[in-house]
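Everything on this sheet refers to the single structure shown next.
Each reported figure results from applying straightforward, stated rules to the coordinates on display, with no laboratory input. Predicted model only: the values in this text are computed from it and were never measured. Because the Cβ atoms are built from the backbone with ideal geometry, glycine has one as well, and the counts that use them run over all protein chains shown.
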Amino acid sequence: MSLKQFQSDLTINNLYQVSIAVPSGLGDILKPRITNIGGNITIYGSEKQPAGLTLANISTKMALIVTMDSQMKILDSIPNYICVVQNSGTSTELVVSALDITSLQVIS
């Protein structure tokens, strides 16, 4: 089965601008969520678009949201920008639900 209209694949090391999806799919899920399968990731967020963002300085430019292994994580609060960094393993599924995402830049 393919993703629903309110779901999107995320790419590791990519800065995204984020907002609630319309339609949000909140009839299918209760809150926005991120699904990660197969690896360990850290999700960072910020309200302002970080300038000069790199993997080396991400922890000083964006706030830690969560570090997670294979699981679904409910998001109670949505920042304006997110970035997902792979810590170990390889995520074979990395999907965000009920959010519109716009890719802004690859982080290296």
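Which label belongs to the value computed from this structure, given these candidates for log10 I(q)/I(0) by the Debye sum over Cα atoms at q = 0.09, 0.15, 0.17, 0.22 Å⁻¹: (i) -0.57, -0.80, -0.92, -1.15; (ii) -0.37, -0.76, -0.87, -1.18; (iii) -0.20, -0.58, -0.75, -1.26?
The listed entry that was calculated here is (iii).
Take Asp76, Asp100, Asp9 and order them by how many other Cβ atoms sit within 10 Å, fewest up front.
The most exposed by this proxy come first: Asp76, Asp9, Asp100.
Which order do Met68, Met62 fall in if you start with the one that has the fewest other Cβ atoms within 10 Å?
The order, fewest Cβ neighbours first, is Met68, Met62.
Counting only pairs 8 or more residues apart or on different chains, how many lysine pairs in the chain have their Cα atoms under 20 Å apart?
Within the chain, the lysine pair count is 4.
Considering only Ile107, Ser88, Ser70, whose Cα is most displaced toward the positive end of the charge dipole of segment 27-108, charges sitting on Cβ of Lys, Arg (+1) and Asp, Glu (-1)?
Ile107
Do you know the relative contact order of the chain, to the nearest whole percent, from alpha carbon pairs under 8 angstrom that are 6+ apart?
In percent, rounded to a whole number, it is 51.
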